[in-house]
Amino acid sequence: MKKFLIALLLFASFSAFSQEFTRQDSLRGSITPERAWWDLTYYHLQVEVIPEEKRITGSNTITYKVLESNNTLQVDLQPPLKITKVTQNGTVLDFTSEGNAHFVHLKQTQKIGDTQEITVHYEGKPKEAVRAPWDGGFSWKKDSNGLDFIATSCQGLGASVWWPNKDHMYDEVEGMRISVEVPEHLTDVSNGRLIGTDHNKKKKTKIFHWEVENPINNYGVNLNIGDYVSWKETYQGEKGDLDITYWALKPDEEKARKTYTEVPRMLQAFEHWFGPYPFYEDGYQLVQAPYLGMEHQSSVTYGNGFQNGYLGRDLSTTGWGLKFDFIIVHESGHEWFANNITHQDHADMWIHESFTNYSESLFLDYHFGKAAGQEYVRGTRTAIGNQKPMIGPYGVNYSGYPGDVYYKGGNMLNTLRTIVNDDEQWRGVLRSVGEAFYHKTVTSQEFEKYIAEFLNLNLDAFFNQYLRDRRLPTLEYFFKDGFLNYRWVNTIRTFDMPVDVNINGETVRISPKSNWGRVASKASELSVDENYYIGVLKSR
C-alpha cells in the first residue's frame with residue numbers, strides 16, 4: 001500500500017509540472033543503457049581558454065570500470081561545442097551524435113571488471129551565460145582594470161555545456177585532474193589543490209594543474225580565470241587542520257580581506273551542526289567570480305559585492321538576514337548538502353536546496369541563538385508559492401524546479417525540528433546523515449527513510465505532504481460544548497502530523513487526522529506554535 005500511495009503521489013507530481021519533455025530530455029536525464037554499463041573512476045580534463053576569441057579547445061580522458069559487457073558508450077557535450085576525435089589505446093573510434101548525446105562505438109572488448117579509458121577531444125565557442133548562474137555557461141567579463149575575468153557555471157544546464165562528460169548526477173567521478181591553459185598574465189582557479197604550473201613562453205600561456213582527491217559531481221567542476229591575488233589561512237577543525245585559500249581580484253583585495261572573515265564563522269557553525277567539512281583532503285577555497293555565486297566543490301564562488309545579506313537585502317525581512325554574508329554562508333552550506341550528499345536525480349533537488357536554505361537559520365542559531373534562527377526561517381515564508389510539489393518528475397532533463405525547494409523546504413525542516421522537540425537529537429540526525437551518505441549520491445526515498453528511522457518517527461505522510469503535494473496543511477478547529485474539535489484539511493488523506501497549541505497559557509500537543517478529533521477544553525481560543533509551517537482555520 002505504501003508503495004502504491006507513493007506511486008500515485010509521484011504521478012500527481014509529474015502531472016503538476018507543465019514542461020513537455022523530449023527524447024533529448026530523456027537522453028540527458030535518464031540512466032540510459034549506454035551509461036549504465038560503466039562506472040566513472042577518474043577524469044583528466046584539459047582545457048585551453050582563448051579569451052580574445054571566446055573559444056576553448058581541449059580533451060577529457062575518462063577512466064571507467066566495466067560493469068557489464070557493452071560496446072557503446074554515451075558521452076554528453078552540448079552544441080555549439082563539437083567533439084573532434086575520440087580515442088582508446090591509440091585507436092580512433094567512430095561515434096554517432098544525437099543532440100547533446102554522443103555514442104562512442106568501442107572496438108576493444110570491454111571485459112567485466114576491467115578498467116579502461118577513452119579520450120574525447122573537443123573545441124568550439126561554448127554557450128555564453130546570459131544571467132549566470134541561473135542561465136549557465138561561460139561568463140566572459142572584464143575587471144575594473146579592463147583585464148579578462150572569466151568563469152563557468154552550469155547547475156541545471158549541465159556540465160556538458162562546456163566539457164564532455166557523463167552528464168548525469170547518479171555517477172560521481174571518484175577524483176579528477178583539471179589542467180587549464182590561460183594567457184600568462186592571468187590565473188586559473190579550479191577545484192581541489194594546485195599541484196603545479198607550466199609556463200609556455202612561446203605561446204605566452206600558463207597551464208594550471210588542479211587535483212581533486214574526493215568524489216565530485218559534474219556541475220561542481222569549475223574554471224575561474226582572472227588577475228587574482230591569494231592568501232591562506234589554516235582553520236582548526238574537527239578533523240584537524242583545514243587549509244583555506246582565498247582568491248580575489250587585485251583591485252578588490254582590501255574589501256575581500258574584510259568580507260572573507262565570514263568563512264571561519266561559517267565553518268564553526270556548520271561543523272557544529274553538520275559534522276566535519278567533507279573535503280579536508282582538497283581544502284576550501286573562496287573565489288571571487290563575475291556572478292553572484294555557486295557551490296562549486298572546494299572552490300566556492302563569490303560575487304555578493306562584499307556586503308552582508310543577499311546583495312545587501314534581507315530575504316527574511318526580519319533584520320537577521322543582514323547579520324551575515326548570504327553567499328558565503330549559503331553556497332558553503334552546499335559543501336555538506338549537494339557536494340557531500342548529492343541527489344541522484346534533479347527531481348530531488350530539495351535535498352540540496354532545502355537543507356542549505358535551512359543552514360542559514362542554523363548559522364544564526366549558532367551565533368545568535370535559536371530564536372534568531374527560527375525567526376529568520378519563518379520570515380522567508382513570504383517567498384513560498386505552494387504552486388508545485390517540491391519533488392519534480394524523474395528520469396528527464398528537468399531543471400525548472402520550484403523556488404519552494406528553498407524556502408518551503410527550510411520551513412519544512414524547521415517544522416520537523418519542532419516536532420522532534422529535542423535539539424540534541426535534531427543535531428544528531430543532521431550530523432548522522434553526513435556520515436551515512438558520505439560522498440554518496442542518494443534518492444529522496446533513501447534520505448527520508450534514514451531520517452525517519454534515526455528519529456524513530458513514522459514520517460511517510462509528513463514527507464508525502466510537504467514534498468509531493470503542493471498544498472499547505474491547514475489545521476481546522478472549533479470549540480463547542482467543552483471540547484476542542486480539530487482536523488487537518490487541505491492535505492493528503494493520510495496526513496497525521498502532531499502540532500503544539502497553546503490553550504489558556506498551557507502548551508498541548510494534539511494529533512489531528514483528516515477526520516475530526518477532540519479533547520476536553522473549556523477555552524474558546526488557541527494559538528499554534530508559529531514554528532509549524534501550516535495554515536490555521538477557526539471554522540465556527
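So here's what we get for this one:
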{"item": "Test: residue in the stretch 147-167 that is in contact with a helix residue (DSSP H, G or I) (Cβ under 8 Å, 6 or more places away or on another chain), over 28 Å from GLU281 (Cα atoms) and modelled with pLDDT of 95 or more", "result": "yes"}
{"item": "Leading residue by the ranking (nearest to ARG431 (Cα to Cα)) among those in the stretch 234-276 that are open to solvent by 70 Å² or more (accessible area, probe 1.4 Å) and outside any helix (DSSP H, G or I)", "result": "GLU238"}
{"item": "Which listed residue is touching a residue at least 60 places away in the same chain (Cβ under 8 Å) and in contact with a Phe, Trp or Tyr (Cβ under 6 Å, 6 or more places away or on another chain), from GLU172, GLU128, GLU123", "result": "GLU128"}
{"item": "Filter result for the condition that a residue is closer than 22 Å to TRP134 by Cα, of a type outside the set (Phe, Trp, Tyr) and modelled with pLDDT under 95, over HIS334, HIS346", "result": "HIS346"}
{"item": "Any chance GLY192 is at pLDDT 95 or above and either touching a Leu at 6+ places or on another chain (Cβ under 8 Å) or within 23 Å of PRO79 (Cβ to Cβ) (or both)", "result": "no"}
{"item": "Qualifying residues in the stretch 496-522 (those that are in contact with a Phe, Trp or Tyr (Cβ under 7 Å, 6 or more places away or on another chain) and of a type in the set (Ser, Thr, Tyr)) - the one farthest from PHE478 (Cα to Cα)", "result": "SER514"}
{"item": "Cross-chain or 6+ apart pairs with Cβ under 7 Å, the stretch 515-534 first and at positive phi, then in a loop (DSSP other than H, G, I, E, B)", "result": "none"}
{"item": "Verdict on LYS107 being of a type in the set (Lys, Arg), in a loop (DSSP other than H, G, I, E, B) and at pLDDT 95 or above", "result": "yes"}
{"item": "Options GLY403, GLY410, GLY428, GLY395: the member that is crowded, with 18+ Cβ neighbours inside 10 Å and within 22 Å of the chain's Cα centre (by Cα)", "result": "GLY410"}
{"item": "Condition met for PHE355 (among the hydrophobic types (A, V, I, L, M, F, W, C), open to solvent by 30 Å² or more (accessible area, probe 1.4 Å) and either on the phi < 0 side of the Ramachandran plot or at pLDDT below 95 (or both))", "result": "no"}
{"item": "Residue list for the stretch 446-490, filter: among the small types (Gly, Ala, Ser) and either farther than 13 Å from LEU416 by Cα or under 24 Å from the mean Cα position of the chain (by Cα) (or both)", "result": "ALA452, GLY482"}
{"item": "Residue among ASN502, ASN464 that is in contact (Cβ under 8 Å) with a residue 24 or more places away in the chain and touching a helix residue (DSSP H, G or I) at 6+ places or on another chain (Cβ under 7 Å)", "result": "ASN464"}
{"item": "Residues located in the stretch 336-382, provided they are touching a Leu at 6+ places or on another chain (Cβ under 7 Å), farther than 27 Å from HIS168 by Cβ and among the aromatic types (Phe, Trp, Tyr)", "result": "TYR376"}
{"item": "Test result for PRO290, open to solvent by 10 Å² or more (accessible area, probe 1.4 Å), over 21 Å from GLY312 (Cα atoms) and either out of contact with any helix residue (DSSP H, G or I) (no Cβ under 6 Å at 6 or more places or on another chain) or without any contact (Cβ under 8 Å) to a residue 40 or more places away in the chain (or both)", "result": "no"}
{"item": "Output for the stretch 504-525, where each listed residue is over 16 Å from ASP481 (Cβ atoms) and of a type in the set (A, V, I, L, M)", "result": "VAL508, ILE510"}
{"item": "Positions within the stretch 96-111 being surrounded by fewer than 11 Cβ atoms within 10 Å (Cβ to Cβ) and under 17 Å from LEU67 (Cα atoms), in sequence order", "result": "THR109, LYS111"}
{"item": "Filtered residues of the stretch 205-227 (kept if outside any loop (DSSP other than H, G, I, E, B) and either open to solvent by 40 Å² or more (accessible area, probe 1.4 Å) or farther than 15 Å from VAL300 by Cβ (or both))", "result": "THR205, LYS206, ILE207, PHE208, HIS209, GLU211, ASN218, ILE225, GLY226"}
{"item": "Matching entry among PHE17, PHE4, PHE11 (being at pLDDT below 95, farther than 22 Å from THR441 by Cβ and surrounded by 15 or more Cβ atoms within 10 Å (Cβ to Cβ))", "result": "PHE17"}
{"item": "Hits in the stretch 316-330 (condition: in contact with a helix residue (DSSP H, G or I) (Cβ under 8 Å, 6 or more places away or on another chain) and crowded, with 20+ Cβ neighbours inside 10 Å)", "result": "SER316, TRP320, GLY321, PHE324, ASP325, PHE326, ILE328, VAL329, HIS330"}
{"item": "Members of the stretch 245-260 found to be touching a Ser or Thr at 6+ places or on another chain (Cβ under 7 Å) and of a type outside the set (Ser, Thr, Tyr), listed by number", "result": "TRP247, PRO251"}
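The values are calculated or read from the model by the stated rules, or taken from the named source; none is laboratory data. Since this is a predicted model, take the numbers as computed values, not measurements. Cβ: placed from backbone, ideal geometry, glycine included. Neighbour counts: every protein chain shown. Areas reflect the complete protein model, heavy atoms only, side chains present, ligands, DNA and RNA absent. Shrake-Rupley method; radii C 1.70, N 1.55, O 1.52, S 1.80 Å.
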